[in-house]
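Chemist: Attaching a single structure in structure tokens format; questions to follow.
The values are calculated or read from the model by the stated rules, or taken from the named source; none is laboratory data. Keep in mind the model is a prediction, meaning the values are calculated, not measured. When we count neighbours, we look across all protein chains shown, and the Cβ atoms used for this are built from the backbone with ideal geometry, even at glycine. Note: areas computed on protein heavy atoms with side chains; ligands, DNA, RNA excluded. Shrake-Rupley method; radii C 1.70, N 1.55, O 1.52, S 1.80 Å.
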Amino acid sequence: MNTTEALTSDDFDELDALLDDLRTRDEEVPQWEFCEGFLAAVVCTREPISDEEAVDALLPEFEGETALFTSPEQKARFMALWARRRAE
């Protein structure tokens, strides 16, 4: 799938489900609406911020590992959806 392809309603539902799952391990994981605002701020900064840096700041327990994620595949899927939304 192209990283510049707009997210569909199914993609947003998947993001919500991923965040709900992460929230079972850390109640501080935000809702997607908060993540969307955070992403808008990241995109508008003067200095570029990588996706990894942004997600580390958004999900502090993430720490570049699979701490919140149940698998590397789950992390990769979240990052892929994040990157597509950022590209929009």
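Chemist: What is the number of the single condition among (1) in contact (Cβ under 8 Å) with a residue 60 or more places away in the chain; (2) under 12 Å from the mean Cα position of the chain (by Cα); (3) not in a helix (DSSP H, G or I) that residue 69 does not meet?
Modeler: Answer for residue 69: the failing condition is (1).
Chemist: Now, a different point. Which residue is least open to solvent (accessible area, probe 1.4 Å), if the candidates are limited to segment 30-48 and must be within 18 Å of residue 80 (Cβ to Cβ) and of a type in the set (Val, Ile, Thr)?
Modeler: Among residues in segment 30-48 that are within 18 Å of residue 80 (Cβ to Cβ) and of a type in the set (Val, Ile, Thr), the one least open to solvent (accessible area, probe 1.4 Å) is 42.
Chemist: For a quick check of your reading of the model, give me the residue pairs whose first member lies in segment 37-61 and is closer than 22 Å to residue 74 by Cα, whose second is of a type in the set (Lys, Arg) and open to solvent by 50 Å² or more (accessible area, probe 1.4 Å), with beta-carbon atoms closer than 7 Å and at least 6 apart or on different chains.
Modeler: That search, which allows pairs on different chains as well, returns 39/85; 39/86; 51/86.
Chemist: On to the next question. Go through the residues of segment 10-29 one by one and say whether even a single one is surrounded by 15 or more Cβ atoms within 10 Å (Cβ to Cβ) and in a loop (DSSP other than H, G, I, E, B).
Modeler: yes
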